[in-house]
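Chemist: What follows is a single structure, and I will ask about it in a moment.
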Amino acid sequence: MITFKLNDKTVQGEEGQYILQVAQKYGVEIPTLCHHKALEPAGMCRLCTVEVFDGRRSRFVTSCNYPIWEGMEVRTDSESVHQGRKLIVELLMARCPDAPIIKELGKKYGLSDTRFRKEEDTCILCGLCTRICTKMGNSAISLTGRGVDMKVDTPFHIQSDVCMACGACASVCPTGHITLEKIRSSVTAVDFKPIPSEYDMGLKSRKPVYVPYAQAVPNTPAIDRSVCMHFKTGGCQVCTEFCGVNAIDHTMQDEVVELEVGSIILSPGFQPFDPSKFDTYGYVKHPNVITAMEMERILSASGPTSGHLVRLSDHKEPKKIAWFQCVGSRDMNKCDHAYCSSVCCMYAIKEAVIAKEHAGSDLDCAVFYMDMRTHGKDFERFYNTAKDKHGVRFIRSRVHTIEPVPGADDLSIRYLTESGESVTEVFDQIVLSVGLEINPDVVRLAKQLDIDLTPGNFCDTTSFAPVSTSREGIYVCGAFQGPKDIPQSVIDASAAAAAAGENLSAARNTLTKAKEVIPEINVNGERPRIGVFVCRCGINIAGVVNVPSVAEYAATLPFVEFASDNLYSCSQDTQDNLVSIIKQKNLNRIVVAACTPKTHEPLFQETLANAGLNKYLFEMANIRNHDSWVHKSSPEQATQKAKDLVRSAVAKVALTQPLKESDLQIKPSALVVGGGISGMAAAQSLAMQGYETHIVEHSSRLGGQARNLYHTFKGEDVQKKLAEMIRDVQNNDRIHLHLESELVQVDGFVGSFKSTLKAGGKEEVLEHGVAVIATGATPLTPAEYAYGKDARILTSLELDRRFMNDDPALKTLQSAVFIQCVGSREPEHPYCSRVCCTHSIENALELKRRNPDMNIYILYRDIRSYGEREYLYKEAREKGVIFIRFSVDDKPQISVDGGRLTVRVTDHILGRPLELETDLISLATAIIPNRDEKLANFFKVPLNADGFFVERHAKLGPSEFATDGVFLCGMAHYPKPIDESIVQGKAAASRAITLLAREIIQTSGAIAEVVQANCSSCGVCVSICPYSAPSFIEETARFNPGKAQINPVLCKGCGLCVASCRSGAIRLKGFDNDQIFAQIFALNA
Amino acid sequence: MSGYQDKIKETAERLLKEGSVEMVVGFRKGTLPMMNEPCFIRRPEDVRQLVWDSNCGINLANYLTDRKEKIAIVAKGCDSRNIVTHIVENKIKREKLHVIGVPCQGMVDKRKVAAACGGDIEAVTEDGDVLSVTAGGAVQTLSRMEMLQENCALCAHRNPVIYDELVGELVAEQTGIDRFAEVRRVEALSPQEKWRYFEDLLAPCVRCYACRNACPLCYCPTCFVEESRPQWVGKGQNPIDIRTFHFLRAYHCAGRCTDCGACERACPMGIKVRQLTSKLNKDVLDMFGWEAGLTLDQRPPLDTYKPNDPNDFIK
Amino acid sequence: MAEFEPKIVSFLCNWCSYGAADLAGVGRLEYPPNIRVIRIPCTGRMSPKFFLSALNEGADAVWVSG
């Protein structure tokens, strides 16, 4: 260690360091143009000149390459240093009068002009470019000539073959003398492009060292070997110089890791269809024809245009945008994808609505489609809102060609309207709603694993084992199983985990280790002794915020006993150090000023626990994400902000109390309400994973609505499979059936429910840890289409029954008419019942199988045979089933006239009324939710406007409720076919097991608490809590009867009750009123 | 309306005699003219004290808070709505109440009468729409309808919402009244004008909390203005603290206020405190289609959380 | 006189806006340094008194987001 004086202050540096390095460490600013951390200093620009006093005399040296020595005295800010630098700047101003960085320096040194003769150069001969080029391992350029003739040049002034156009020279050039464009035009023959960012669909570029996207897990950078210079030349490795923790190792090799596993889950996903092969759409040629994935990025705030809606050719804000549906879906001609991709209708509507939100309602959005497939939960509503409220135009037409408008960037299309009129319309931008397809690599993987694929290359599964591949032990989820959206993928994922878990349940907890628990120090009644640790986060914080001054400031705050800064607060050595400082200084409250608590609070809390402190005696000040990263051009204000945030955190932590977490035992048993197909699937999975499971069913038999179904869309015999399933459930020792039973009361909460069943006048109480709601739905009894007036008018399920009974009369029918959307997609039930299109087509095909000559008509509004169900639709058309579309304002009319049964419908192509005489009418009736308010009340779970249960999160929590310990599956969630019901049954079991397997859960300490003396018993808290945590103390209780209390197990600590309590009787531990006030006061101090 | 008074006495006497209630809450003559005061009758012989006329503006629901005995209460439209709110908020149990419903035709504003007569009021009698006021020795006649409290003139729920018996036929509800004209006028002001308006509106406040005490909605064991940790509101006459008190009080009434006018009637400084609650009543009606105290089946909208609550105010 | 620099106290929901502000940092989106964030567990925690108090204590604006 060498000790010397820097501006009269004693500083220390390592042997071999230069003055500049030490000065930078101590935050002393020395200007320089030719210094680069990763390169040997060269002293070229002379700006870093400082004054060195050796005890006798002083000299001027360039600090970048002047080594430090013991006892030296350095001045970086003396008048003579300043004058010297000023002269250097003036000379540079003469050489490069127009370089922005030189102009900036001139301004800083108070020079408006130079006294010397100006040259029109832009190169200051700092040599950074040649040094970095050498570092890159190329040496394509060097400094040539001497004295006034010196310049940066290639050997023999000729174009260099050595240059690989890496752009390093341009990236370091301080004056802008070297630019990528210049390299491209004059230096190299290599054609180079920016590296396209995969995440931004190539609309943005990225670096060779990169984090794929902001939310990537793990959120650490990777080096792209295919473009990194080191892997081309062996040079560079500049990144290692910048990494403060030496985390970069270029010698790392790919490893082959062998894992022994009991189950495999395949979730390789899909790739968006590449529309390049559709030459009539000109996707490759025209920048304003984009894919929906590109549109997603353009609409995203983190996208290439920061969410500003512009078209790519000229960055003009579009006035008219069109979406083309079914690009790469439902199309055998050009892309061999006969299936429907399931998700594109919905995402196109979403994009259109968001585009209008971004650009204003004047934006004209038109969606060109074949059938509008909004069959998901709440999707039909969204479609209607897009149409009626946002004014998105929906045009039923498939457009063949996109023609560029000559002389403009606009796009012209011609299409036929529904009335047959030909229309030409010009759009600013056209979005291709590309479908989903399976990557060829995945197809290869499937071959390797020896699993069967469907015609669409999706993983082949059966309706009754929808996440099992054809090979035992290998499971599948997500879009590889079939095109699907997020909720369905999430349901799949849980189900696949359950399926894998069923295999592995014997091995559960065999590889776990117990954690050592350190006894907690009692700090009650102690005066706060706060430790503040300010993190540099390498240069992430310290590069902007003056970290030492923040730490110094923190030390002056009330109750702060200790404050320091460190390089990386989260590194293991710092953590250890933190523990020892806590002990040594007897600290009882900790503030870490670093990054965000959302990622790092648990880590530091664990450190506190390791030091024996209650983990809630902790607060973070977010001086990275909320400060240094977003205010890098105003370092002074950023430093001030960091101080403010630290002051606020200190004020809060001083008032923090140790909080208690309580243990909650989870009873290892489940109650499944409903013995239909999804309820049984859930029970099977729970039982197979070792949990006692009760099924309560109000009817006398298991099977639910599946008892009424004939075939699945894959042609499986439902009754046969159902019988197997029921047998299996009945024979399972862990499944306890309660048929003809009714739930009459539910008490308790997650982990310990007590449910009272009533059967035949007898009551029985069951204790269970979790509950699964699988109460299903019922078919609508139609009040229209003359239902009930003629035996030939049936519902779909009644027709199924006749198939099951193998009714011989069916063979003799001459004609059959199917009417779709009976009760669905109408004001009373404004949702799509999802299963009916496929069901009717399947039944039409079944009739055709029985009598190929039968005339069959399907009257529909949109055919919604999503995914690979589309094949049935195709097959039906091929077999001569006639599809006639009707509009909801002009529904088919049925007349029963003696023996004649006729349907009148307006043909959508001819626009004329048709009269169909028929022997059978099948009505595709809506699926109606049970709207079970009693059950909803028992488990404190919500129902939506339609009467279906509301899941925790429409996308990410589809099989569980916001109320802990209660799960959801089957048609109680939304209408769905058998395969999806089974998947969700398994998914609900899977989610339940995440709780059951833990046996004991710790509740958070940061929860609400009632101060009963202040409680007015008004019940706001009881009413408003989404989690049913507050309740009234019983009227007969000895203390505080009728007052509110909060169940710590159910409380999520949101504070809704706290803010709603007019009486101020509820406090939120961890975010108490006095703490928030302390923060408000501290921030405004 | 004199018929009401006899019916009230008769009912009260019957209820007390048969012992179905322990107490009857009603009005009796006050010490000053036009100032009827609440009274609590426990003995049948005291029912003669009971009165009913156009000076019964005080909201009697305020006297029910946390009572445990069986009570009969004389309730006009707004009182009955506050009784509903009280039941919903667990301040009293329905089965402990016998509501003697009074179809109401509005209460008279004493300040208006005083201003019209220009002197101290010595006596008032009423006959239908005619008020005969003796002030400064002279008798003047005034139209009762013109002297109504503002909230009564704008009342849309004159008939009791819940009752066990009525003292007269239900009256026709007023139609075609614009309840929120004054609110809209203030809403239309520029921010500066609005600031001035509220500054002037609340300037006379002496922090006596009469408005709060008259209000049946204000029943917390410790009111936020009296709490010291945290001290939500400063104790003095600082205009910021005065405003904070009024704004927060108004917010505590959002979705619960029946516009009974008790607050305004109680204010010794004549501050139009209903201006604040009316604005919130209007917002709650616009956003949630809700008026307080009309149903026992639902909690006020601000007591519940629904994912589809209106949020158009967030832009 | 220096240009007016407002002091803005913001109350951000831990689950959405606070995370969004984190993400703005990850994306290095620059914005004026006038905001001071108080993390709350949910905007449901927000009491009207908090912003009245912040304004009273000298904040020029209060921003609640969640």
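Chemist: Once you sort the root eigenvalues of the Cα gyration tensor of region A:1-152 as a ≥ b ≥ c, which label holds: rounded (a/c under 1.5), prolate (a/b larger than b/c) or oblate (the other case)?
Modeler: oblate
Chemist: Going highest first, how would you order A:641-647, A:816-822, A:997-1003, B:53-59 by mean Cβ packing within 10 Å? Don't skip to the end; give the middle numbers.
Modeler: Values: A:641-647: 25.0, A:816-822: 26.9, A:997-1003: 14.3, B:53-59: 23.4.
Result, highest mean Cβ count within 10 Å first: A:816-822, A:641-647, B:53-59, A:997-1003.
Chemist: If you don't mind, there's one more thing I want to ask. If you count, for every residue in B:297-305, the Cβ atoms of partner chains within 10 Å of its Cβ, what is the mean?
Modeler: Details: counts 0, 1, 6, 2, 0, 4, 8, 6, 9.
Averaged over the peptide's residues, the number is 4.
Chemist: Estimate the FRET efficiency between B:Lys306 and A:Asp314 by the formula 1/(1 + (r/R0)^6), using the beta-carbon distance for r and 45 Å for R0, to the nearest 0.05.
Modeler: Efficiency, from the Cβ-Cβ distance: 0.50.
Chemist: So, one more: Apply the Karplus curve 6.51 cos²θ - 1.76 cosθ + 1.60, θ = phi - 60°, to the phi angles in region B:247-262 and return the couplings in whole Hz, x for Gly and Pro.
Modeler: 5, 5, 4, 4, 5, 5, 9, 4, x, 10, 6, 9, 6, 6, x, 4
Chemist: Something else now. Could you give each residue of region A:172-180 its phi-based ³J(HN,Hα) in whole Hz, using Karplus coefficients 6.51, -1.76, 1.60 with θ = phi - 60°, and x for Gly or Pro?
Modeler: Computed from phi, the couplings for region A:172-180 are 9, 4, x, 9, x, 5, 9, 10, 4 Hz.
Chemist: Between rounded, prolate and oblate, where does region A:781-925 land on the alpha carbon gyration tensor, with a ≥ b ≥ c its root eigenvalues, rounded for a/c under 1.5, else prolate if a/b exceeds b/c?
Modeler: rounded
Chemist: Considering only DSSP beta bridges where both residues belong to region A:814-901, give the percentage that are antiparallel (nearest 5).
Modeler: 30
Chemist: Give me the accessible area buried between chains C and A, both sides summed, with a 1.4 Å probe, in Å² rounded to the nearest 100.
Modeler: Result for this pair: about 3400 Å² buried.
Chemist: At 222 nm, what helix-only mean residue ellipticity would chain B give, in deg cm²/dmol to the nearest 500, using -39500 (n - 2.57) for each DSSP H run of four or more?
Modeler: -9000 deg cm²/dmol
Chemist: Pairs to check: A:Lys334/A:Lys874; B:Lys29/B:Lys112; A:Lys515/A:Lys598; A:Lys204/A:Lys334; A:Lys37/A:Lys108; B:Lys76/B:Lys110. Give those whose C-alpha atoms are more than 27 Å from each other in this structure.
Modeler: Among A:Lys334/A:Lys874; B:Lys29/B:Lys112; A:Lys515/A:Lys598; A:Lys204/A:Lys334; A:Lys37/A:Lys108; B:Lys76/B:Lys110, the Cα-Cα distance tops 27 Å for A:Lys204/A:Lys334.
Chemist: Moving on to the next point. Within region A:288-308, list the residues whose amide N lies under 19 Å from a label point set 7 Å along Cα→Cβ of A:Val405.
Modeler: A:288-290
Chemist: If you find the alpha carbon centre of region A:760-777 and of region A:502-555, how far apart are they in angstrom?
Modeler: Taking the Cα centre of each part, region A:760-777 and region A:502-555 sit 44 Å apart.
Chemist: Using a 1.4 Å probe, what is the accessible area per residue for chain A, in Å²?
Modeler: Value for chain A: 45 Å² per residue.
Chemist: Output the antiparallel fraction of DSSP beta bridges having both residues in the protein assembly as shown, as a percent to the nearest 5.
Modeler: 50
Chemist: Still on this structure: Based on alpha-carbon centroids, what's the gap between region A:851-866 and region A:130-187 in Å, whole number please?
Modeler: First find each Cα centre; the distance between them is then 71 Å.
Chemist: Another question, then. Can you spot the lysines whose alpha carbon is less than 17 Å from A:Lys811's alpha carbon? Ignore those fewer than 8 places along the same chain.
Modeler: Filter leaves A:Lys848, A:Lys879.
Chemist: In sequence order, what are the phi-derived ³J(HN,Hα) couplings for region A:270-277 according to the Karplus relation 6.51 cos²θ - 1.76 cosθ + 1.60 with θ = phi - 60°, rounded to whole Hz, with x for glycine and proline?
Modeler: Using θ = phi - 60°, the values come out as 10, 10, x, 5, 8, x, 4, 6 Hz.
Chemist: By DSSP, what percent of the beta bridges with both residues in region A:669-752 are antiparallel, rounded to the nearest 5?
Modeler: Counting only bridges with both partners in region A:669-752, antiparallel ones make up about 15 percent.
Chemist: For peptide B:227-240, what's the mean number of Cβ atoms from other chains within 10 Å of each residue's Cβ?
Modeler: The shielding value for this peptide is 3.
Chemist: Can you give the calculated 222 nm mean residue ellipticity of chain A, where each DSSP H run of n ≥ 4 adds -39,500 (n - 2.57) and the sum is split over every residue, rounded to the nearest 500 deg cm²/dmol? Kindly include the intermediate steps, with their values, before the conclusion.
Modeler: Working: 26 runs with 281 residues, N = 1085.
Only helices count here, giving -8000 deg cm²/dmol.
Chemist: So what is Rg over Rh here for region B:32-102, counting just Cα atoms and using Kirkwood for Rh?
Modeler: 0.96
Chemist: Please work out the Cα center distance from region A:299-319 to region B:123-159, rounded to the nearest Å.
Modeler: Centre-to-centre (Cα) distance: 67 Å.
Chemist: Which of the residues in region A:627-652 show a loss of at least 10 Å² in accessible area from their chain by itself to the complete set of protein chains, at a probe of 1.4 Å?
Modeler: Output list: A:Trp629, A:Val630, A:His631, A:Lys632, A:Ser633, A:Ser634, A:Gln637, A:Lys641, A:Asp644, A:Leu645.
Chemist: To continue, here is another question. At q = 0.16, 0.18 Å⁻¹, what log₁₀ I(q)/I(0) does a Debye calculation on the Cα points of region B:119-191 give, no solvent, two decimals?
Modeler: Per q value, in the given order, log10 I(q)/I(0) is -0.83, -0.91.
Chemist: Probe radius 1.4 Å, ligands and nucleic acids ignored: give me the carbon and sulfur share of the accessible area of region A:174-284 as a rounded percent.
Modeler: 55
Chemist: I've got another one for you. Could you bin all the Cα-Cα distances of region A:271-437 into 10 Å bins starting at 0 and give me the percent of pairs in each, rounded to whole numbers?
Modeler: Percent of Cα pairs in each bin: 10, 41, 39, 9, 0.
Chemist: For a test of the definition: using alpha carbon positions, the gyration tensor, and the 1.5 limit on a/c, classify region A:530-654 as rounded, prolate or oblate.
Modeler: Note, shape of region A:530-654 comes out prolate.
Chemist: Using 20 Å bins from zero, what percent of all Cα-Cα pairs in the protein assembly as shown falls into each bin?
Modeler: Cα pair-distance distribution for the protein assembly as shown, in percent: 8, 26, 33, 24, 8, 1, 0.
Chemist: Taking a probe of 1.4 Å and counting only protein heavy atoms, give the total accessible area buried between chains C and B in Å², rounded to the nearest 100.
Modeler: The buried area between C and B, both sides summed, comes to about 500 Å².
Chemist: Could you work out how much longer the chain between A:Lys515 and A:Phe53 gets when fully extended? Use 0.36 nm per residue separation minus the Cα distance between them, nm to one decimal.
Modeler: 160.5 nm
Chemist: Applying a 10 Å radius around every beta-carbon, put A:864-872, A:331-339 in order of their mean neighbour count, most first.
Modeler: Per-residue mean Cβ counts within 10 Å order the peptides as A:864-872, A:331-339.
Chemist: Determine how large the accessible area of A:Leu780 is when every protein chain is in place; take a 1.4 Å probe and give Å² rounded to the nearest 10.
Modeler: 40
Chemist: Given H placed on each backbone N at 1.01 Å, which residues far from A:Ile882 in sequence or on other chains put an amide H within less than 5 Å of it?
Modeler: Here the answer is A:Ile856, A:Tyr857, A:Ile858, since their amide H atoms fall under 5 Å of that of A:Ile882.
Chemist: Hey, another quick one. Excluding residues on the same chain fewer than 8 positions from A:Lys377, give the lysines whose Cα lies under 22 Å from its Cα.
Modeler: A:Lys350, A:Lys387, A:Lys389, A:Lys484, A:Lys940, A:Lys955, A:Lys976, A:Lys986, B:Lys306
Chemist: Send over the Kirkwood Rh of region A:257-332, from the inverse of the averaged 1/r over different Cα pairs, rounded to one decimal Å.
Modeler: Details: mean 1/r = 0.0651 Å⁻¹.
Radius from the Kirkwood sum: 15.4 Å.
Chemist: Just in region A:355-429: which trypsin sites (Lys or Arg not before Pro) are loop by DSSP and have at most 12 other Cβ atoms within 10 Å?
Modeler: Hits after loop and neighbour filter: A:Lys389.
Chemist: Beta carbons within 10 angstrom, averaged per residue: use that to sort the peptides A:957-964, A:890-897, C:46-53, A:971-978, highest first.
Modeler: With the highest mean Cβ count within 10 Å placed first, the list reads A:971-978, A:957-964, C:46-53, A:890-897.
Chemist: Shifting gears a bit: Let me check against my output: what whole-number percent is the relative contact order of chain A, with C-alpha pairs under 8 Å and at least 6 apart?
Modeler: For chain A, the relative contact order is 8 percent.
Chemist: I would also like to ask the following. Once the Cβ-Cβ distance between A:Ala1085 and A:Met1 is put in as r, and R0 is 41 Å, what FRET efficiency do you end up with, to the nearest 0.05?
Modeler: Here the calculated transfer efficiency is 0.55.
Chemist: Moving on to the next point. Over 5 Å intervals from 0, what percent of Cα-Cα pairs in region A:1004-1083 sits in each interval?
Modeler: Histogramming region A:1004-1083 at 5 Å steps yields 3, 17, 26, 23, 16, 8, 4, 1, 1, 0 percent.
Chemist: Cα extents of region A:377-443 along the three principal axes, largest first, in whole Å?
Modeler: 42, 37, 24
Chemist: Inside 10 Å of the C-beta atoms of A:1061-1071, what's the mean count of C-beta atoms belonging to other chains? The partial results should precede the final answer.
Modeler: Details: counts 3, 13, 8, 12, 3, 0, 1, 4, 0, 1, 7.
Counting Cβ atoms of other protein chains within 10 Å of each residue's Cβ and averaging gives 5.
The values are calculated or read from the model by the stated rules, or taken from the named source; none is laboratory data. Remember, it's a predicted structure, so these values are computed and weren't measured experimentally. Virtual Cβ from ideal backbone geometry, glycine too; neighbours counted across all protein chains shown. Heavy atoms of the whole protein, side chains included, go into the accessibility calculation; ligands, DNA and RNA do not. Shrake-Rupley method; radii C 1.70, N 1.55, O 1.52, S 1.80 Å.
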